[in-house]
Amino acid sequence: MGIVLSGELDIGRRFRRLAARGGMPDMTLKNMIEAYERQLIESALEATSGNQRRAAAQLGVLPTTLHEKMKRLGLLRRSSEEAQAISA
């Protein structure tokens with residue numbers, strides 16, 4: 001288990017491709033940071049089979065910090081109770 005390094009992600013390449021195609025109309029610094037955080041979190045969760053505690057350790061943050069970031073970025077899964085309420 002280790003920290004996810006930025007070199008392991010292709011985010012720079014992805015942003016350059018989007019910019020070249022004119023697909024970044026709203027890519028402010030804030031949005032770029034959020035996209036980078038989202039990709040880091042998703043990669044860590046994938047590497048830990050969705051285990052948030054292990055993903056937090058891999059990212060070098062507290063589990064509560066990871067949870068708050070996931071909440072802010074819309075990455076939390078809905079509980080089955082919420083899903084049932086929506087489909088009802």
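Bear in mind that the values in this text are calculations on the coordinates, not laboratory data. Just so it is clear, the structure is predicted and the values come from calculations on it, not from any experiment.
Couple of notes before you dig in:
- Contour excess over end-to-end distance, with Cα ends at ALA47 and ARG72 and 0.36 nm allotted per residue: 6.9 nm
- Computed extension length for THR65-GLU37: 8.9 nm, one decimal, from 0.36 nm per residue of separation with the Cα-Cα distance subtracted.
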